[in-house]
Each structure stands twice: as structure tokens, then as C-alpha cells.
Protein chains: 4
Amino acid sequence: MRFQQHLDDAMAAATPLLGRGRVADYIPALAAVDAEAFGMAIATVDGEVCEVGDAGRAFSIQSISKLFSLVLTLALGGDAIWERVGREPSGSPFNSLVQLETENGIPRNPFINAGAIVVTDRLHSLTGDAGTAVADFLRAETGNTLLDTDPAVAVSEAGHGHRNSALAHFLASYGNLENPVATVLSNYYAHCAIAASCRDLALAGRFLARHGVLADGSRLLTRSEAKRVNAVLLTCGTYDAAGQFAYRVGLPGKSGVGGGILTIVPGHGALCVWSPGLDAAGNSVAGVAALDAFTTSTGLSVF
Amino acid sequence: MRFQQHLDDAMAAATPLLGRGRVADYIPALAAVDAEAFGMAIATVDGEVCEVGDAGRAFSIQSISKLFSLVLTLALGGDAIWERVGREPSGSPFNSLVQLETENGIPRNPFINAGAIVVTDRLHSLTGDAGTAVADFLRAETGNTLLDTDPAVAVSEAGHGHRNSALAHFLASYGNLENPVATVLSNYYAHCAIAASCRDLALAGRFLARHGVLADGSRLLTRSEAKRVNAVLLTCGTYDAAGQFAYRVGLPGKSGVGGGILTIVPGHGALCVWSPGLDAAGNSVAGVAALDAFTTSTGLSVF
Amino acid sequence: MRFQQHLDDAMAAATPLLGRGRVADYIPALAAVDAEAFGMAIATVDGEVCEVGDAGRAFSIQSISKLFSLVLTLALGGDAIWERVGREPSGSPFNSLVQLETENGIPRNPFINAGAIVVTDRLHSLTGDAGTAVADFLRAETGNTLLDTDPAVAVSEAGHGHRNSALAHFLASYGNLENPVATVLSNYYAHCAIAASCRDLALAGRFLARHGVLADGSRLLTRSEAKRVNAVLLTCGTYDAAGQFAYRVGLPGKSGVGGGILTIVPGHGALCVWSPGLDAAGNSVAGVAALDAFTTSTGLSVF
Amino acid sequence: MRFQQHLDDAMAAATPLLGRGRVADYIPALAAVDAEAFGMAIATVDGEVCEVGDAGRAFSIQSISKLFSLVLTLALGGDAIWERVGREPSGSPFNSLVQLETENGIPRNPFINAGAIVVTDRLHSLTGDAGTAVADFLRAETGNTLLDTDPAVAVSEAGHGHRNSALAHFLASYGNLENPVATVLSNYYAHCAIAASCRDLALAGRFLARHGVLADGSRLLTRSEAKRVNAVLLTCGTYDAAGQFAYRVGLPGKSGVGGGILTIVPGHGALCVWSPGLDAAGNSVAGVAALDAFTTSTGLSVF
């Protein structure tokens, strides 16, 4: 349990910030969350799990699901996805349409909404059900058979999703969707609305710290692919604050507006933190502070 | 000499690409370079240097100098510089004015031209001579007393520098320059026009692999500062191809239109490559291929 | 018939250009048009109609319908519409989303697609059926009881309308639609797909040359309102070529991708031209040339 | 004196707004102006001049000079200038660099700063002294031999002109300047800093109402050219509020941050108003109101 003390210290460092920031409130289901909740868990490459706080409490993973839809798409369909989505930081808010127009319907990266919609479309073509594919993967890696989409959140997102509908129709206008807009969006909402805990997400992300090897010892991605996913996480995983996140935390990571952040410590483990209050860029205020404290005390940033 | 074979292999991998890309030709002094030149050198944290090809041949370091002006500014002036320049990838070409207008004169990061001009301005205030400060630092770290600005290149850059003059006046219009435009630009050109070899740059960058400790054992940056500079290099160091570079190479790095790329392998060493042919984003075609081969064969990317 | 010779001369001037430009082909129904067709008609304030060429042949009025939805909205709902749409030239293509994001969901003017969608939404709220309202108005002013929406075109537009769907959802995401997206779009397509001839459109636009007075002598708009609609036509009516159109033709006008252009000669009459070949900005090549010739020979530009 | 009553009424309508808005204060020489001053004058095509208020008081004409540099360039150099500057409304603030980058150094129109700098450059090549050429023209048309550049204003502008320096260097970087940046800017400031009264400007602009014929009966522009200049004035003459100005006032016009607005009533006369308080777009608050009242009471808009 070599990380327990570091997790305790990270939580102590983050505690004064609990309640800071703004809880995502664009849909009622998210706004109802406990604003002062905090959890953190690490799943190490050698099979341990350490936890602190509300690490077992499920929250809406939101954009963290984009990581899983990407890795499944790469595993099933290979590099072809990179012809339909880029790998560069966007320098713009996650739901912006501006770059998409300038760049003729090729989203900058798979973690802005437009890019994640394209990835979902591709995963849907590959699997027949992109939403279920992501949930199945998370259940398999975590052993948590109860883990699933929260249907109330998925419905609520669809009901408040004009911006995403605009993005999807815009992508379709450039010929960058294979499936009908409605199908793609319902699958996109299905995986974004998955509820999972820090413990679940640390377990599910661990294969990236193990350079592609899953819980059962099989390989999802090659070593090179796993490293490359980590690279995309580091440069694009935290919206238009990726530079700031790399500077403070120094780990590849994906955040969600539910307040979760899943980070990878290559060769060591997957570390997930959750606290609902968000900063202006949409990243968890207390979560970033806890990760900053953790990488400072362990010296485990990639740099 | 544990890296010699890897360097030889990397050069072999890059050789078919020599002459590919386009040599920077916006000034005659750069256009005259040998388009098929190639060199590579690594300076390890424990004092070794391995080389291959034209590793001892001096070339125009151009934007690689921005790394050194940044670290000197941080060392002498601390974090205050981050109030005048950001740390986010720009998502735009290195000499674009667009974002600067949208963001009220605060450049996105210290490695696009606008940001480097602000850093040069600050370093000039701190030292009285920003151009000389960078050259002095490089001479001290390399022991190469002949290393210096190529005055013909500096003059030529100034004579073709309307875009940089526009950036500097634009920054001044927002009050983000302390010194006169002409002074700042002449210092900026002075450090960009330094001629140095792969060997020189690997030696000069090694302190970042040693987490801030210089050749003489003194400390230029704290461990945390050094890691953070590496983070900024990784997210912003290769123009608007930073995502692609992280994906292929997986190391913090700074490129220049002279064809050089200086990368940091934290805890291991500083690795510099040079070949003049550039891709569309302004990074050396053969250089990136050699770095890709090196990190693949050594497994030494940060991810 | 004082304008007959001028119309004949304008047609003669335009004839060498017939077939130039590119027929709108984004939907099959438009692509099937006779590329070399040409018609022109003027309806004077004192009741005459002069015609030349295919002036009686119906074509798809497309964006020219935006003028009629605007004037009906102003007549029924007054100036309130100006809180939801601007009156400035956009400087961007007619279907761009970029400005909409920068300006928080308020379209620049009522003649770009986004603005016309907002106007249609408002007109639908005011009338219960925006599509029919426009067609009814055109039938009333022209006396042409056969004038109507071409259902094949409307269906085809809806089937190729991802860009407009994106715009409508985007507007909805900013709260700038009162009716459901699907309702607004079907009404929008209904009025865009109206088929009418040059003669019809000249008669329907004549009230703007009469400063607001309809065919039956009743007043649709006040004198001031009618002048102001002419001002918006002149600055915004021909996409991002409004400056060029004012320079060459010097009349308020609204063009459509069906190849029609309806212009107003204040105090004299309404002049409509049609020829399907479009220039890069989406305006009829031969149509603009004919209008240029007409205003030059008559001296009747507003300047 | 058929316009005297209309001028009196227009001044009465504007009086409650005197002091509203914000006086241009980016240079001390402009900030020192009497904020509540108001003058208005019309010079008719048949030789009358009517005035009200401070119509004889000189103020800094600023961007109104861009109209005169354009017409002289057209008169001396013909249409060639349109290869270096466009004729479309910009949809952006007058001193923006953004569009210039997107459109590769061709300014949108001759009335935004970038466009006016290009026109000044061309006029300088044509005359050897662009600043003097504009002043000479104004003296000739007005008979006011004392009319001249205010050297204090010109010096002050140059000293606060980083934004214009940025624009000029940016244009030079695209090869769109024939003369050195410093030369072009000093001529640009020379004509912007001319001091003239409403009476002077109405007399100097009258030839555009007379379709190109100067005070001495000679012709500066052809009838067609004069109409086309009026078109550019209407679509581009009042910064990014051209649509709004056309809507409210309905006349071709050019405004300046000194608070003057010169408008053309084709076939009737040139009408100039001055009051220093500016709205957000940089147009005189009381001036626009007075013009609105004038065109409403006379019915003399172009629409």
C-alpha cells in the first residue's frame, strides 16, 4: 500500500478547496450532486488499489468516457480513425464549432465534443452499439457488474443537447458521420452518462499504465499504441487547459464535467480523483489540486 | 556508450528522408544550408555524449533559443513572466496574430513568436542584454567558447522581419512590452541567430534532464520548475504540431526552422537532432523520423 | 413602357455570360435547371410591367424568400425582431457558424441563413404557419394563384440540410428559437422552395419601391420601415458580396442560389432578374451583369 | 436656404444627446476637445451652404480623410487600387488584424485602417507626398487656405500608434506596401490629423453629390466612379456599424473618431455633422441622431 499516505496527503491538500468552483448545472441530474464530495483511488500495475474519501461513490463520468470510446475504436478499427479526427490541442472550448468550420469538418482531437462524436460514430459502426460497448468494457475491467449508464442523465443530456446536435449535424454536413445523427448522439449520451466511481475508473484505466495490457492479461493495445493514447491524453485531455494541467500535474489525463479526472502514471498505475466543483475550463478544482499534491509528493509526473 | 547503437539506428531510419521537406528560405542565410545534412547527439545525465553524423556542425538554432531565453527568465525573474504569457498550446501557426487580438495581447505560450518576444523583453530587463545572456549561457554549458550569434543571420532576419515587427508593435499596443520595439527585436534576432551544433545543444539542454542542475553542479531551476518547463515544451514546443509530435516522439522538445530539434529525456539526457528539410508545420522531417525511431527502439518516451 | 429598351439592352449585355458560373447542385431539384435560362422583369410604381426573356418562367426563389419573411415579420410583429437578429453585414459566407458563436447566438442579419431561420421562427409564432404566410403574400401581390412551394424541392432541401440543422440547433442552444427545430426548419424550407417567376417577384417586391404600399393600396410597412428594409437589403442582401454588389449595381437587392435577384429602385419599381449560373459568392453571374447594365444605362442606382 | 429649418430641427433633436458617448482619448490632443460641441453644415450642388451650431469650428477629421485619399488615388491611379484592397464591409472593428491574416494581407475595404494605409501608400507613390495631396485638395475645394494638418495631433498619433505600426508591418510582410513603413505611416498620420470644420468638409465632399464634378467645374471622377465611391461609403464608411448607419440614416457617409461624419445626399449636396461623443462603434452619438432627424424630416435618404 505504498500510495496510501500520498493519497491521504493529497486529500488533505485538496480539502480546503471543497465546494470551490461551480458544479455543472446544464442538466438537473448533474446539478443535484453533493458539491463537497471528494474521492481518489489508484490502481497500480501490480494489482493493488488504494483509496481515500468517496472513492467508491459513483458519479457521472461524462467526458472521461471519451477515452474509453477512443481506445475501443483503436483496438477494433486501428489507425483509420485518425483520418477523421486530428490529434492536436484545440486551443478552444470543448464544444466550439469555430475550428470545425475552418478545418472542414475534421475535429481537432478525439476529446473535444466534435471529435468524440466522430469516434462514437466509428465505434458504433464497429460494434453495432457504441454505448453498450463502453459500458461492457468498464464492467469487464472493474468486475463491477452494476456499473451502467444512468438513464435519467442520458435522457436529460439529450433534452439539453442542442449544441451537440449542432456539432453532429455540422459533422454530417461535411460527410464525417457514417450513422444517422440521432443514432450517434444517443450512443454518445449513453456512454457519457455512465455512472462509475474513482475505484472503477482507476481499474478501467490501468491498462494504459501497463502499456496496453488488460486485467486478464490480454492486450488491448500495442505498447506503442498505449503510449500514443497517453500522449493524446496529455496534450488534449483536459479541454483548453491542457497546457496548464501538464504544467501543474504533469500526467496524461482526461477530465469530465461530472468532476472526475482519470490520469495515467505510466509504469505505475491509473489514478482517478473526483470532486464536483469545476474551474472555468471545466476541470475539477479540488481534483486538480489533489493531483498536483500527489505528483509533487511522489515525484511521479512524466517529466 | 549505451546510446551509440540507438543513434546509429535512428540515423539509418532517417536517411531515406534526407532532402525531403522544404528548407527555410525566408532569409538567404538559411536557404544556403546543406539540405541533406543530418546530425544527432545525446548528452546523458551522467556526463557522456554520443553522436552520429554531422553532430558537431553548427547550424542556426532559431526557435530553439526560445527555450533558453525562457529558462533564464524563470531563473532570474521567477514566475512573474506567466502573467504576461500563457502556457497553453496555440492551435495556430507560430507567427499568427489572430489569437493575440482575441486574447488582448497575452500570447498563448512562450514558444510562439509573440510569446518569445515577450520573454525576450523580460530577459532584457533582467539582464540588460538578452541576446548576450543566451549566448553566454550556451557557452558556459557547452564549454564551446566559439559559440555565438551569426551576425549575418541576425541582420538578415531583421531585414525580413515585418511579421515580427507587427507582432512586437501589437504587443506594445497592449502594453505588454517594457523595452522599445527595436531593442526587443534586435535581442530576439540575436538569440535566434545563434549558431550551435547538436552536441552543443544537447549539452546546453541537459540540465532539464537533470531536473534543473547545471554542468557545474549548481542549480538553475528547482526540480519542480524544471519539470514544468518540460511540460510546456511537450504541449507547446513544436508549433501547432505539438500533439502530433507528442504522439510520434513522446518527448518534450523544441524545434527551430533551422532544422534542429532539442528534446529532453527526463532522468536520462538531452537529445538533439538536426536536418534542414522541414514539414508543413516547420519541424525537421528527418529529425522527427530519427526521434521516432530512437524513442521506439529505446522505449524512452515519457509515456 | 419606358423601360423596355433598357431591359432589352441589359439582356443583350448579359447574353455572352449565359452558362457562366456554376448552377447550385447541392440538391438534385436545383441542379436540373436550364443553365442558360435568362429572364428579367420590372414592375413600376405606377403599375406597368416590362419583361424580357424567360421572365414568366418559374424558378426556385430560395433566399429571396427571406426578404418576404422579414417584411411580414416586421409588419406583424414590429421592431422586436431586431432584438434577436442584427442588421450588420456579416463579412462571412451565408451559412457560416463562426460568427454565431462569437456573437452568442444573435445572427448578424436577417439574410444569412441563421438570421433567416430566426425570422422564420418569429413569423411562425406570429402566424401559425410561416411557410404558408409567405406563399399567401406572394399570391396576393402577384395575383398568381398557382404560385406555391415546390414540394420536391422542399423535401430535397430537408434531406440535404445538415448545415441548416446545425445552425438551428446552435440557435436553440442560445435560446434564440421559440418553436421546435424541426418545425422551424420545415417552414424555412417551405418558403425557400417557393417557385416564382421574375414577373411574380417584381410584382411582389414593388411595395418596397412604393415605400410600403401594397398592390391594393393598403400599407404593409410605414415609409420609414420600407426605407429601412431597403437599407438592410443593400448592406446585407447579397451574401458576403454586398459591397461588390453595391459597387457594381448600386441597388438594394436580395439574391438566391436559384439564380434570381430581386432589386428595388426606390420610387421607380422592383426589378427582378434570373439566370442560374452563380459566382463564387452565390450570386447570378449573368444576373449581376444585366443589373449593372440596367443601372448604368438608366442612371437609376440609389447613388 | 431651403435646408436651414431642417438643420435647425436636426440640431434640436440632437441637443439632448450632447455629452453622451465617449470622447476619443487615445491621444491627449483629441481628449482635450469640447465634449458638448455640435455643428452641422450642408453644401448643396447648386452652391449654397447652410450651417448650424459650431459648423465653422475646426476639429480633427481623422478617418474622414480616408475618403479623400481614396478619391485622389482613384482619380490619379484608376481602378488598380482595387487589386490591393477590397470593397466589402469588414464586420470587424476598424483596427483589427484578424481578417488581414485570414485574407492574406488584402484589407477588406479602404476605410478600415489597414485599407487606408494601403491607399495612402499608393497615393504617396502617385504624388510623392500623400499627406500634402489630401490637404491641398481640401484647401482647393473649400477655398480655406488656412486648412492644414495639426502637427501636434500628427506627432501624438505617431507616438501612440503601435497598432497602426503593427498593421503596416503586417501589410509589408504580405508585400502590400510600396513605400517604407515609416514613410507610409507619417503620411497616414498627416492626413488623419488635418483640422477642418463641418463647412469645410461639406464643401470638400460636395463633388460626390455632383457625381464627380469639382467646385471649379472640372471633373475629378466619372459619374460612374462617383456613384461607386458612394456605394463603398454606404457599405463600409462607418466601421462595423455600417448596417446600422444605413438603417438609421440611409446615406453614404464616412465617420471619424474626432466626432465628424461626412455624408453624401446624391444630387442634393454633402452634409457634415460634428459632435465629439462617440458610441461603441466609434461614431458620433449626437451626430448620428442629427443625421437621422435630417433624413427623416427631408425624406432625403437614398432609399
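In table form, for the structure just shown:
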| quantity | calculated |
| --- | --- |
| Candidate set: region B:278-299, residues that are modelled with pLDDT of 95 or more and part of a loop (DSSP other than H, G, I, E, B); chosen: the one nearest to residue B:10 (Cα to Cα) | B:283 |
| Test: residue in region C:100-108 that is within 21 Å of residue C:196 (Cβ to Cβ), crowded, with 24+ Cβ neighbours inside 10 Å and either among the hydrophobic types (A, V, I, L, M, F, W, C) or away from chain D (no Cβ under 14 Å) (or both) | no |
| Selection from region A:278-292 of residues that are within 12 Å of chain B (Cβ to nearest Cβ) and not acidic (Asp, Glu) | A:281 |
| Qualifying residue in region C:51-73 (condition: in a loop (DSSP other than H, G, I, E, B), at pLDDT 95 or above and of a type in the set (Asp, Glu)) | yes |
| Test result for residue B:90, within 11 Å of another protein chain (Cβ to nearest Cβ), without any contact (Cβ under 8 Å) to a residue 60 or more places away in the chain, hydroxyl-bearing (Ser, Thr, Tyr) and not in a helix (DSSP H, G or I) | no |
| Members of region D:246-263 found to be among the hydroxyl-bearing types (Ser, Thr, Tyr), part of a strand (DSSP E or B) and either over 15 Å from residue D:300 (Cα atoms) or over 14 Å from the mean Cα position of the chain (by Cα) (or both), listed by number | D:255 |
| Helices (runs of 4 or more DSSP H) (entirely within region D:103-221) containing at least 3 residues that are out of contact with any strand residue (DSSP E or B) (no Cβ under 7 Å at 6 or more places or on another chain) and hydroxyl-bearing (Ser, Thr, Tyr) | D:113-127, D:181-192 |
| Some residue of region B:127-139 being surrounded by 24 or more Cβ atoms within 10 Å (Cβ to Cβ) and in contact with a Gly (Cβ under 6 Å, 6 or more places away or on another chain) | no |
| Scan of region B:227-247 for residues that are more than 10 Å from chain A (Cβ to nearest Cβ) and touching a helix residue (DSSP H, G or I) at 6+ places or on another chain (Cβ under 7 Å), ordered by number | B:238 |
| Residue A:243 being at pLDDT below 95, part of a helix (DSSP H, G or I), crowded, with 24+ Cβ neighbours inside 10 Å and of a type in the set (Gly, Ala, Ser) | yes |
| Which numbered condition residue A:96 fails, given (1) under 19 Å from the mean Cα position of the chain (by Cα); (2) in contact (Cβ under 8 Å) with a residue 24 or more places away in the chain; (3) outside any helix (DSSP H, G or I) | (2) |
| Residue list for region D:169-178, restricted to those being facing chain B (nearest Cβ under 8 Å), of a type in the set (Gly, Ala, Ser) and either within 14 Å of residue B:174 (Cβ to Cβ) or touching a residue at least 40 places away in the same chain (Cβ under 8 Å) (or both) | D:173 |
| Region D:284-301, residues that are in contact with a helix residue (DSSP H, G or I) (Cβ under 6 Å, 6 or more places away or on another chain), under 17 Å from residue D:205 (Cβ atoms) and not hydroxyl-bearing (Ser, Thr, Tyr) | D:290, D:294 |
| Residue tally, condition assigned to a loop (DSSP other than H, G, I, E, B) and touching a strand residue (DSSP E or B) at 6+ places or on another chain (Cβ under 8 Å), over region A:264-277 | 4 |
| Single residue of D:262, D:300, D:271 found to be among the hydrophobic types (A, V, I, L, M, F, W, C) and surrounded by fewer than 24 Cβ atoms within 10 Å (Cβ to Cβ) | D:300 |
| Given (1) within 14 Å of chain A (Cβ to nearest Cβ); (2) more than 26 Å from residue D:181 (Cα to Cα); (3) modelled with pLDDT of 95 or more, number of the condition residue B:139 does not satisfy | (1) |
| Meets criteria (aromatic (Phe, Trp, Tyr) and within 12 Å of another protein chain (Cβ to nearest Cβ)) for residue B:303 | yes |
| Subset of region B:9-67 [on the phi > 0 side of the Ramachandran plot and buried (at least 21 other Cβ atoms within 10 Å of the Cβ)] | B:21, B:53, B:62 |
| Subset tally (residues that are over 25 Å from residue D:235 (Cα atoms) and touching a residue at least 24 places away in the same chain (Cβ under 8 Å)) for region C:99-132 | 12 |
| Residue under evaluation residue B:250, criteria (1) facing chain A (nearest Cβ under 8 Å); (2) on the phi < 0 side of the Ramachandran plot, criterion not met | (2) |
| Subset of region A:204-218 [away from chain B (no Cβ under 14 Å) and surrounded by fewer than 24 Cβ atoms within 10 Å (Cβ to Cβ)] | A:213, A:214, A:215, A:216, A:217, A:218 |
| Test: residue in region C:264-277 that is more than 13 Å from the chain's Cα centre (by Cα), within 25 Å of residue C:115 (Cα to Cα), at pLDDT 95 or above and within 12 Å of chain D (Cβ to nearest Cβ) | yes |
| Flag for residue B:221 being surrounded by fewer than 22 Cβ atoms within 10 Å (Cβ to Cβ), within 27 Å of residue B:139 (Cβ to Cβ) and more than 9 Å from chain A (Cβ to nearest Cβ) | yes |
| Selection count, region C:140-177, where residues are surrounded by fewer than 21 Cβ atoms within 10 Å (Cβ to Cβ), more than 14 Å from residue C:190 (Cβ to Cβ) and among the hydrophobic types (A, V, I, L, M, F, W, C) | 2 |
| Breaking point among (1) away from chain B (no Cβ under 14 Å); (2) in contact with a Phe, Trp or Tyr (Cβ under 8 Å, 6 or more places away or on another chain), for residue D:157 | (1) |
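The values are calculated or read from the model by the stated rules, or taken from the named source; none is laboratory data. Note that this is a predicted model, so its numbers are computed, not measured. Cβ coordinates were reconstructed from backbone atoms using ideal geometry, including for glycine residues, and neighbour counts include every protein chain displayed.
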